[in-house]
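Below: the structure, in structure tokens.
The values are calculated or read from the model by the stated rules, or taken from the named source; none is laboratory data. All of these numbers come straight from a predicted model, not from anything done at the bench. Methodologically, a virtual Cβ is constructed for each residue, glycine included, from the backbone with ideal geometry; neighbour enumeration extends over all protein chains shown.
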Amino acid sequence: MTVGELLMQGGWPMVPIYLCSAVAVAIFCRKLVQYRAEGLSRTAWLDDVLRSLEESRIGDARERVAQTDHPIARVVGVMLATRDRRPDRVEAEARRAGSLEVQRLEHHVGALSFIAQAAPLLGLLGTVIGMVELFMSLQGAGLTNVDAGLLAAGIWKALLTTAAGLVVAVPTLAAYSYLHSRTDAFRLTLRDAVERVLTALPAPDPTDGLADPPRPQLVREASGGV
């Protein structure tokens, strides 16, 4: 008996498990492509930006950030733009922009956690339904002496859905843990980048017509809420 034929023995309760499997694979592949395209671990460009900020070359820093397609670059761009208008709001805008970037990366990842929890339950439900159908058929046949072979065949067919649910749940949970670890690592990298930019950011120049409020203080969680 081939694997396909074996799975077909599970009956219609296997359908939602198949759907969970397809959705999990689609989400995982999509997020892998997205993370690779974003280049989350590539932050060498940040050194150039920090050097420009330390030398008060704000224009060069803006140009370097604008040329970089990276989630952290977008957050730094928001910080530089806010520095011109509201220097006292730089940290708050960094938290807001950072939160949006993290949410964008985590979009749909939570569905993997749901599938990892739901798939075994769907398999168990299929097994229960299969067992109910088995005993109903035995009762309807009016057999006084139950054939052990017939009973065993019905039981293993019912157990197929539980096995299928676990087969889907385990790799899905592994995929969720991997993607979650990637977003956690990015969150730490973002927090470090925000703190470094805040440290290197020069005070506004009064000759630019901007107010000269106190420079934002670097708090312990500069990107808290990110």
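Among the residues of the stretch 20-28, are any over 27 Å from the mean Cα position of the chain (by Cα) and loosely packed, with under 14 Cβ neighbours inside 10 Å?
Checked the stretch 20-28: no residue is over 27 Å from the mean Cα position of the chain (by Cα) and loosely packed, with under 14 Cβ neighbours inside 10 Å.
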Original post:
Can you pull out the residues in the stretch 29-42 that are surrounded by 17 or more Cβ atoms within 10 Å (Cβ to Cβ) and either polar (S, T, N, Q) or out of contact with any Lys or Arg (no Cβ under 9 Å at 6 or more places or on another chain) (or both)?
Top reply: 38
Original post:
Are there any pairs with C-beta distances below 9 angstrom linking a residue in the stretch 159-180 that is within 22 Å of residue 40 (Cα to Cα) to a residue that is of a type in the set (Lys, Arg) and in a helix (DSSP H, G or I), with the two at least 6 apart or on different chains, and if so which?
Top reply: 175/31; 179/31
**OP:** Six or more apart or on different chains, Cβ under 6 Å: which pairs go from a residue in the stretch 126-145 that's under 23 Å from residue 162 (Cβ atoms) to one that's part of a loop (DSSP other than H, G, I, E, B) and at pLDDT 75 or above? Could you list them?
**Re:** 126/13; 129/13
Subject >> Some residue of the stretch 51-66 being under 19 Å from the mean Cα position of the chain (by Cα), surrounded by 15 or more Cβ atoms within 10 Å (Cβ to Cβ) and modelled with pLDDT of 90 or more >> reply: no
Original post:
Can you find a residue in the stretch 80-103 that is touching a Leu at 6+ places or on another chain (Cβ under 9 Å) and closer than 16 Å to residue 178 by Cβ?
Top reply: no
**OP:** Determine which single condition residue 132 fails, assuming it passes every other condition in (1) within 25 Å of residue 45 (Cα to Cα); (2) exposed (fewer than 13 other Cβ atoms within 10 Å of the Cβ).
**Re:** (1)
Original post:
Would the stretch 102-115 turn up any residue that is within 18 Å of residue 196 (Cα to Cα) and either surrounded by 19 or more Cβ atoms within 10 Å (Cβ to Cβ) or in contact (Cβ under 8 Å) with a residue 60 or more places away in the chain (or both)?
Top reply: no
